[in-house]
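Inspection log for the structure reproduced underneath, given as structure tokens.
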Amino acid sequence: MKRFNLFNYCVLFCADLTDLVATCPNLTELDVSDGSALTGASFEAVCSLQSLQRLAISRCYNVSGVNLL
């Protein structure tokens, strides 16, 4: 799988995102916008995706840019 869109899926939790990254390590696009339960810690696994070209995190209010560096 290369693209995954979870836009407006509010019940996405940190463990779910970690599992998704482990299951789909070749993702190039990921949209988790409106993932209100996600935190900055969720994105440690996402940052390991070497093929990722596009990440959409609109309205993920518990995530700051610092978490993505």
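Descriptive notes on the structure:
- Rounded to the nearest 10 degrees, the angle from helix 14-23 to the longest Cα principal axis of the chain is 10 degrees.
- Annotation note: chymotrypsin sites (Phe, Trp or Tyr not before Pro) in the range 1-62 located in DSSP loop regions with a Cβ neighbour count of at most 16 within 10 Å are PHE7, TYR9, PHE13, TYR61.
- Backbone geometry of the range 33-49 corresponds, through the Karplus equation with coefficients 6.51, -1.76 and 1.60 at θ = phi - 60°, to 3J(HN,Hα) couplings of 3, 6, x, 5, 8, 6, 10, x, 4, 4, 8, 4, 5, 4, 5, 7, 6 Hz, x marking Gly and Pro.
- Relative intensity of the range 3-68 on a log10 scale, I(q)/I(0) at q = 0.16, 0.22, 0.27 Å⁻¹, equals -0.42, -0.86, -1.36, per a Debye sum over C-alpha point scatterers of equal strength in the absence of solvent.
- Ranked packing of 25-31, 46-52, most packed first, by mean Cβ within 10 Å: 25-31, 46-52
- Helix-only arithmetic for the chain: the sum of -39500 (n - 2.57) across DSSP H runs with n ≥ 4, divided by the residue total, places the mean residue ellipticity at 222 nm at -5000 deg cm²/dmol.
- The range 3-68, relative contact order in percent, only Cα pairs under 8 angstrom and at least six apart counted: 38
- Under 5 Å from the amide H of ALA56 lie the amide H atoms of LEU30, ASP31, VAL32, each residue being 5 or more positions distant or on a separate chain, with H modelled from the backbone and absent for Pro and chain starts.
- Positive minus negative residues near VAL32 (Lys, Arg vs Asp, Glu; Cβ under 15 Å): -3
Each value in this text was obtained by applying a stated rule to the coordinates, not by laboratory testing. Just so it is clear, the structure is predicted and the values come from calculations on it, not from any experiment. Backbone-built Cβ (ideal geometry, glycine too); neighbour counts: all protein chains shown.
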